[in-house]
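Undergrad: Got a structure here, written out as structure tokens. Questions coming.
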There are 2 protein chains.
Amino acid sequence: MSSNPEMNGAESLVRTLIAGGVDVCFANPGTSEMHFVAALDKVEGMRCVLGLFEGVVTGAADGYYRMLQRPAATLLHLGPGLGNGLANLHNAKKAHSGIVNIVGEHATHHMKYDAPLTADIEGVARPMSDWVKTSMSAQAVAADGALAVEAASTPPGQVATLILPADTAWNAGTGVATVRPPPPRKMATDAAIQAAARALAAGDSALLIGGVALRTEALQWAGRIAAKTGCKLLAEYNYARMERGAGRVRAERIPYAVDQALAALKGIKRMVLAGAKPPVSFFAYPNKPSLQAPEDCEFTTLAELGDDLVGSLQALAEALGAGKIVPAYVASLEQPALPTGKFTLDTLDTLGTLVGALMPENAIVIDEAVSSGRGFARFTANTQPHDWIPNTGGSIGFALPVAVGAALACPDRKVIALEGDGSGMYTLQALWTMARENLDVTVVIFANRSYNILRGELNNVGAGAPGVRATDMLTLDRPDLDWLALAKGHGVEAGRANDLDELAVQFKRALARKGPYLIEVWM
Amino acid sequence: MSSNPEMNGAESLVRTLIAGGVDVCFANPGTSEMHFVAALDKVEGMRCVLGLFEGVVTGAADGYYRMLQRPAATLLHLGPGLGNGLANLHNAKKAHSGIVNIVGEHATHHMKYDAPLTADIEGVARPMSDWVKTSMSAQAVAADGALAVEAASTPPGQVATLILPADTAWNAGTGVATVRPPPPRKMATDAAIQAAARALAAGDSALLIGGVALRTEALQWAGRIAAKTGCKLLAEYNYARMERGAGRVRAERIPYAVDQALAALKGIKRMVLAGAKPPVSFFAYPNKPSLQAPEDCEFTTLAELGDDLVGSLQALAEALGAGKIVPAYVASLEQPALPTGKFTLDTLDTLGTLVGALMPENAIVIDEAVSSGRGFARFTANTQPHDWIPNTGGSIGFALPVAVGAALACPDRKVIALEGDGSGMYTLQALWTMARENLDVTVVIFANRSYNILRGELNNVGAGAPGVRATDMLTLDRPDLDWLALAKGHGVEAGRANDLDELAVQFKRALARKGPYLIEVWM
């Protein structure tokens, strides 16, 4: 492209992003990103959303992609700003969410002087990015932006980081660069389909699915395969989003706890993988295996995560003669009575029952309730159809930012963020963005005033019961956090529930409104 | 060392750290760090302080080192936990603060399975660390821990990151490993002393100092050199801590704004560097230079940052025959009247005057007031002796965590954190640690509800006045943050000041107590 003195590099980049379908930008800018910000005024069509901490920004982009399968951009300030966003980029990368990070950098002629904010930005980016590039001139930035969008959109979705030196933003740019459509997702080969069909027909078998195979249409084909072969239908623990609830085929998620996972997979001799990997424990523990399937289990890969999972499962169903049969494992609608009374750490099932009973149709649930919510999936399997988004990468501080992105992506749906108090504290600034954008998010904070999961983990790793000093590292008390005040500080209305009856009142109140509301569940 | 079945790797590491003088650990642990946490119960002598976000943890370690010149440890959870700590490690690295990061990792046999939390931890560490190592066995971990302490203690101070796979913590370790003392700081050579003396004696000269040369003793020698030669005495913009106030020699900090910096350095033909580098602009701007000294200025290095700066300045003073003369630029004590009335964005000088008038003797000031505090240094130069700690690396979210570490390091001194509302939001979780440890910190939040510095920067980079969409990215309003509520949420008492009279009342109240108090300055 030729030089365009009317359009600086920043504007050529913004126009390229919009032309490439990237029309939402979650931002926490600084000096080096000012031309990008200024370009927003000149160009129509980019919705820019401010986060007050970069973990909010990157998590929001993750949530946006998980709902729409379309990348958003982030705008971050040099190496430290990107650093603050890494934890949620880690989760996004593990979920294969497509994201275009735009990271400001010193002007090219200023880099060599080791000014205070100088850092190895590519080095910071690489561990949590699938694609990294520094654009070295205003003439290149539009084309590099197009490459970043293409990288982010490559199935199954990638984290792409484009580093933008300030002078490449302020010098004369080019016209808009063209973004090529992503490569098509590949179908499973005939050989893979036949091998999978043989494995499932042989008995003692399971179909393990992940990625976009956990959406309604693919689940229908998986359910038909299960109805025909009698195989178990399993979901990866580590998935990005599942469509579940009444009327949908139910895939059982492999449990987090190693002993429970081993029990769930016991006796399986053949496992067919569709967008999934052989199941692995979240952490290693002394004298427990890392691989969770039985030692004699044989794996057959039908299709990889980036392949055409719907088409491949359909082809497998048809190869089995199951193309038109009624699927197995279809969830029915069950409306349990509302539980009442106190909640305690030993009766978490009642919390799950209550959430399931009240959840509205089409809700989007972001699940980071950690120890409080371990059983929630079970009690919500037969509620209204909804989407479930777990913390795929295990880096906490996930749910509130992802809720921001999901709510922006789907303004007509209620988002419910189930959040532990420990986890919530990492990225509580997301509450302010919910207030500013009036996002329809109900935040439920399970306030047990403890990193409760770590008490169990201390025991699991063989370190025994905590003494005084270890307990100090596992508790969030002295002082107690006050989530009503934290919500007010960020401009979000809030209420507290001390028992199940109060929780039902609060939950109904939150669901009845259009906008953010926080419930502190005082355990 | 031989194997010690009575002591696992984690315990051998904790004992080695303590034996090496590292007896404070700022921590935000997870599953992979549980054996380290358990070891705290078994071993006396390590004070472990919990932060609810990793940026608090790393910033606290930075503040601790800046006050005591002794490394603290941090305890962080895998790649994402380290990622959350990077921004304040960036500041620490730029300030040459010695820190020993202990980062948990999956057990060595679990790494290959790409479990959800798997990441390239060394890759995350490297950009913000001077030293990185993964310990690969319980037999090696004590010795590796000793190397990490040695690296952190190497002048002028380094960020050392030791990655600790879980099995190296839980398997049988060794005894305690010996930490060797750091190498001595080198004296300036005779040739460098003679060259510096000639440059200063030739006129139109300046002595630019940084690092530990900004402490009382070295400043005395620098003041004698200035008295003898008539040179200007300048401090790097980008310093770690300065001892200043009445009775101390005053070194003028080079201003942040490029035009002001150019004016301050105009006419200087010879610059002698002691622990400093030729001055560089913080950011580049179109048509402004990156290097701030006049083009014909000649630089002479007396001593590098890691050298013996006190001894070198003393030797230079004595070579000039100035070893016993009265220093120049000694600050007198001036007690201005308390300013009264409203404060506005155009009368920030009154805020600086008030802070200077009320600041108690021996206070430690952490300065991240950004645009609100740009002039504070001027109005505090002649107040009671105190320490001034600026944000050395420019990554915001610095002041509150660093205040935690400084207050722990110096429990008998009042810490004053001057903080912008935008900056404060990155690491507000530090307030909770202040409350839990009852740290004697007065937090002053300058709430202008704006990234006000960026309004100026937008203009400085030639992007003009912001329109509606750009303004949205620069303002913290709709809704306003409520810092009284945010403080309450973290368990910290707070008050609001709407004018200078109320600020004086609030500031006196905060200073009179022993423990944390937050003042929201509503601008």
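Undergrad: How are the C-alpha pair distances of segment B:249-338 spread across 10 Å bins, as whole percents from the shortest bin up?
TA: So the P(r) values, bin by bin, are 14, 34, 33, 16, 3.
Undergrad: How much area per residue is accessible in the protein assembly as shown when the probe is 1.4 Å and only protein heavy atoms are counted (Å²)?
TA: For the protein assembly as shown, the per-residue accessible area is 32 Å².
Undergrad: On to the next question. Just to make sure I understand: if all protein chains stay in place, what is the order of B:Arg66, A:Arg185, B:Arg180 by accessible area at 1.4 Å, largest first?
TA: The ordering from most to least exposed comes out as B:Arg180, A:Arg185, B:Arg66.
Undergrad: Can you list, shortest first and in nm, the gaps between the label point of A:Leu68 and those of its counterparts in the other copies, using a point 7 Å from Cα in the C-beta direction?
TA: Reported distances to equivalent positions: 5.0 nm.
Undergrad: Also, I was wondering about something else. At B:Ala263 and B:Ser3, where each label point lies 7 Å from the Cα along Cα→Cβ, what is the point-to-point distance in nanometres?
TA: Once both label points are built, they end up 7.1 nm from each other.
Undergrad: Further, regarding this structure: Between chain B and chain A, with a rotation axis joining them, whose C-beta in B is nearest that axis, and what is the whole-Å distance?
TA: Closest Cβ to the B-to-A rotation axis, residue and whole-Å distance: B:Ala485, 2.
Undergrad: In whole Å, what are the Cα extents of segment B:107-259 along the three principal axes, biggest one first?
TA: 66, 38, 32
Undergrad: I'd like the accessible area for B:Thr178: 1.4 Å probe, protein heavy atoms, all chains in place, Å² to the nearest 10.
TA: Rounded to the nearest 10, that gives 110 Å².
Undergrad: With a bin width of 10 angstrom, please list the P(r) values of segment B:7-86 as percents of all Cα-Cα pairs, from the 0 bin to the one holding the largest distance.
TA: For segment B:7-86, the pair-distance distribution reads 20, 52, 28, 1.
Undergrad: How many angstrom separate the Cα center of segment B:372-426 from the Cα center of segment A:265-286?
TA: The distance from the Cα centre of segment B:372-426 to that of segment A:265-286 comes to 51 Å.
Undergrad: Right, something else. Can you put B:Ser3, B:Ser137, B:Ser281 in order of accessible area, largest first, using a 1.4 Å probe?
TA: Accessible-area ranking of B:Ser3, B:Ser137, B:Ser281, largest first: B:Ser3, B:Ser137, B:Ser281.
Undergrad: How about A:Lys324: which aspartates and glutamates have a C-alpha closer than 19 Å to its C-alpha, ignoring those fewer than 8 places off in the same chain?
TA: A:Glu217
Undergrad: While we're looking at this one, here's another question. For segment A:376-423, just run the numbers: alpha carbon Rg, then divide by 2.2 N^0.38 Å, N being how many residues it has.
TA: Its radius of gyration relative to the 2.2 N^0.38 Å reference: 1.21.
Undergrad: To continue, here is another question. At A:Lys42, label 7 Å along Cα→Cβ: distances to the other copies, nm, ascending?
TA: Between copies, matching label points for A:Lys42 lie 6.4 nm apart.
Undergrad: Also: Rank these residues by their accessible area, most exposed first, probe 1.4 Å: A:Phe283, A:Phe379.
TA: Descending order: A:Phe379, A:Phe283.
Undergrad: With heavy atoms of protein chains only and a 1.4 Å probe, what residues of segment A:111-151 have at least 50 Å² less accessible area in the full set of chains than alone?
TA: A:Tyr113, A:Pro116, A:Leu117, A:Pro127
Undergrad: Next up: For segment B:455-512, report the % of Cα-Cα distances exceeding 18 Å.
TA: Result for the distance tail: 59 percent.
Undergrad: Each residue of segment B:386-403 in turn: what ³J(HN,Hα) in whole Hz from Karplus with 6.51, -1.76, 1.60 and θ = phi - 60°, glycine and Pro shown as x?
TA: Karplus-based 3J(HN,Hα) across segment B:386-403 equals 7, 10, 10, 10, x, 7, 5, x, x, 8, 7, x, 9, 5, 5, x, 5, 4 Hz.
Undergrad: In segment A:61-136, what is the volume of the convex hull around the alpha carbon atoms, normalised per residue and reported in Å³?
TA: Looking at segment A:61-136, the number lands at 79 Å³ per residue.
Undergrad: Which distances, shortest first and in nm, link B:Ala263 to the matching position in the other copies, using label points set 7 Å out along Cα to C-beta?
TA: Result for B:Ala263, in nm, nearest copy first: 7.5.
Undergrad: I need the phi-derived Karplus couplings for segment B:97-106: 6.51 cos²θ - 1.76 cosθ + 1.60, θ = phi - 60°, integer Hz, Gly and Pro marked x.
TA: Working through the residues one at a time gives 8, x, 9, 10, 7, 10, 10, x, 9, 4 Hz.
Undergrad: Now for a separate question. In terms of Cα to Cα distance under 17 Å, which lysines are near enough to B:Lys288, apart from those fewer than 8 places away along the same chain?
TA: Partners found: A:Lys112, B:Lys266.
Undergrad: How big is segment B:311-431 along each principal axis, measuring the range of its Cα positions in Å and listing the largest first?
TA: Reported extents, whole Å, longest axis first: 51, 33, 28.
Undergrad: Another one. In Å, what Kirkwood hydrodynamic radius results for chain B from the alpha-carbon pair distances?
TA: When all Cα pairs of chain B are included, the Kirkwood radius is 24.1 Å.
Undergrad: For A:Lys228, list the aspartates and glutamates whose Cα falls under 16 Å from its own Cα; do not include residues on the same chain fewer than 8 positions away.
TA: Once the sequence-local aspartates and glutamates are set aside, what remains near A:Lys228 is A:Asp204, A:Glu318.
Undergrad: May I ask you to evaluate 6.51 cos²θ - 1.76 cosθ + 1.60, the Karplus curve with θ = phi - 60°, for each residue of segment B:6-22 and list the ³J(HN,Hα) values in order in whole Hz, giving x for glycine and proline?
TA: Using θ = phi - 60°, the values come out as 7, 10, 6, x, 4, 5, 5, 6, 4, 5, 5, 4, 5, 4, x, x, 9 Hz.
Undergrad: Another question, if that's okay. Just the C-alpha atoms of the protein assembly as shown: what Rg/Rh do they give, with Rh taken as the Kirkwood radius?
TA: 0.99
Undergrad: Using just the Cα positions, wrap segment A:401-498 in a convex hull and report its mean projected area in square nanometres, one decimal place.
TA: 7.5 nm²
Undergrad: Could you pull out every residue, at least 5 positions away or on a different chain, whose amide H is within less than 5 Å of the one on A:Ala417? Hs are placed 1.01 Å off N in the peptide plane, and Pro or chain starts have none.
TA: When sequence neighbours closer than 5 places are left aside, the close amide H contacts are A:Ile366, A:Thr442, A:Val443, A:Val444.
Undergrad: What's the total accessible area buried between chains B and A, using a 1.4 Å probe, rounded to the nearest 100 Å²?
TA: Its buried surface, counting both partners, is about 8100 Å².
Undergrad: Mind listing the long-range amide H neighbours of B:Leu75? Cut-off is under 5 Å, sequence gap 5 or more, other chains count too, H placed in the peptide plane at 1.01 Å from N.
TA: Counting only residues 5 or more places away or on other chains, the set is B:Phe26, B:Ala27, B:Asn28, B:Ile102.
Undergrad: For segment B:64-95, list whatever residues lose no less than 20 Å² of accessible surface once every protein chain is in place, relative to that chain by itself, with the probe at 1.4 Å.
TA: Buried on complex formation: B:Pro80, B:Gly83, B:Asn84, B:Leu86, B:Ala87, B:His90, B:Lys94.
Undergrad: Still on this model: Would you mind telling me the share, in percent, of accessible area of the protein assembly as shown contributed by carbon and sulfur at probe 1.4 angstrom?
TA: 51 percent
Undergrad: Averaged across B:296-308, how many Cβ atoms of other chains sit within 10 Å of each residue's Cβ atom?
TA: For peptide B:296-308, the averaged partner shielding equals 0.
Undergrad: Under a 5 Å amide H to amide H cut-off, with H placed in plane at 1.01 Å, what residues pair with A:Ile99 once short-range neighbours are removed?
TA: HN-HN under 5 Å from A:Ile99: A:Gln158, A:Val159, A:Ala160.
The values are calculated or read from the model by the stated rules, or taken from the named source; none is laboratory data. Quick caveat: nothing in here was measured; it's all calculated off a predicted structure. Methodologically, a virtual Cβ is constructed for each residue, glycine included, from the backbone with ideal geometry; neighbour enumeration extends over all protein chains shown. Just so you know, the surface numbers come from the protein's heavy atoms only, side chains and all, with ligands and any DNA or RNA stripped out. Shrake-Rupley method; radii C 1.70, N 1.55, O 1.52, S 1.80 Å.
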